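Okay, so here's the structure we're looking at.
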Ligand code: TYD
């Protein structure tokens, strides 16, 4: 049914996903692909309220938090991802359902259940690029970026728990990328994987 391709970038805050997503988008466009870039939390009201909540430092109950992220994803899929896939475009998203699995899993929810529910409801990505870095480094980078972004999802112990869930995942569509090298080196590794697994670029 889906003519396009769906590629998600995942990783801890500070893992360099956004930079690598932009680089891959530029590379694929140069190779003639019709690329759409997007992100979660979204720019829609459902995503804006999540960002506001995170910035306020006020944590919701984990179940409520899960509902907010899933609702935002429903909007994202309906408004952006599904139409782009139907149109045959290559969609690059900065975070997708494995973020919910790892982050809300780290908040104490059953991550395997979140994964099963997500795979049942949402388009399964053709590829997820998981940028792996040490949680200590992730924390230091986020901290160095500035003060007010250190919201509820970015604390040190919490990021370690998120990393543990990412470590435990075993999905066929998950590709682990060492995230601690030079950006240009990481870009080259991603380009190689994309070409091998999807024949793109
Ligand atoms: P992030 O990608 O850091 O957004 P930005 O840098 O543009 O503000 O996402 C915000 C936070 O939301 C991040 O710490 C991870 C968290 N998050 C979840 O906890 N669950 C989810 O399902 C998603 C998509 C994000």
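Bear in mind these aren't lab numbers, they're just calculated from the coordinates by the rules spelled out. It should be emphasised that the depicted structure is a prediction, and the values quoted were computed from it without experimental measurement. Counting neighbours? That spans all protein chains shown, and the Cβs are built from the backbone with ideal geometry, glycine included.
At 0.36 nm per residue, and after removing the present C-alpha to C-alpha distance, how many nm does the segment from residue 30 to residue 43 gain when stretched out fully?
On the way: separation 13, 0.36 × 13 = 4.68 nm, distance 2.64 nm.
So the extension gain works out to 2.0 nm.
From Cα coordinates alone, what are the radius of gyration and Dmax values for the chain in angstrom?
So, for the chain, Rg and Dmax equal 16.1, 45 Å respectively.
Once you sort the root eigenvalues of the Cα gyration tensor of the range 101-147 as a ≥ b ≥ c, which label holds: rounded (a/c under 1.5), prolate (a/b larger than b/c) or oblate (the other case)? Each step should come with its number before you reach the end.
Details: a/c = 2.91, a/b = 1.84, b/c = 1.58.
Because a/c hits 1.5 or more and a/b exceeds b/c, the range 101-147 counts as prolate.
Order by neighbour count: 75, 80, 90, fewest other Cβ atoms within 10 Å first, most last. Numbers along the way, then the final one.
Working: 75 15, 80 19, 90 24.
The fewest-first ordering by Cβ neighbours comes to 75, 80, 90.
Do the sum for the chain: with -39,500 (n - 2.57) for every DSSP H run of n ≥ 4, divided by all residues, what is the mean residue ellipticity at 222 nm, to the nearest 500 deg cm²/dmol? Working shown, then result.
Values: 8 runs with 97 residues, N = 201.
My calculation for the chain gives -15000 deg cm²/dmol from helical runs alone.
Given axes a ≥ b ≥ c from the Cα gyration tensor, I'd like to know whether the range 24-99 is rounded (a/c under 1.5), prolate (a/b larger than b/c) or oblate.
Working: a/c = 3.07, a/b = 2.18, b/c = 1.41.
It comes out prolate by the Cα gyration axes.
Can you tell me how much longer the chain between residue 172 and residue 3 gets when fully stretched, taken as 0.36 nm per residue apart minus their C-alpha distance, in nm with one decimal? Walk me through the numbers before you get to the answer.
Details: separation 169, 0.36 × 169 = 60.84 nm, distance 2.00 nm.
Fully extending the segment from residue 172 to residue 3 adds 58.8 nm.
Just want to confirm a number: the relative contact order over the range 5-198, from Cα pairs under 8 angstrom separated by 6+ residues, in percent.
Details: 272 pairs, mean separation 65.1, N = 194.
Here the relative contact order equals 34 percent.
Can you bin the range 86-201 into rounded, prolate or oblate? Criterion: square roots of the alpha carbon gyration tensor eigenvalues sorted a ≥ b ≥ c, rounded for a/c under 1.5, prolate for a/b above b/c, oblate for the rest.
Oblate, since a/c reaches 1.5 and b/c is not below a/b.
Give, in nm to one decimal, the length gained when the segment between residue 140 and residue 51 is fully stretched (0.36 nm per residue of separation minus the Cα-Cα distance).
Length difference between fully extended and current span is 30.0 nm.
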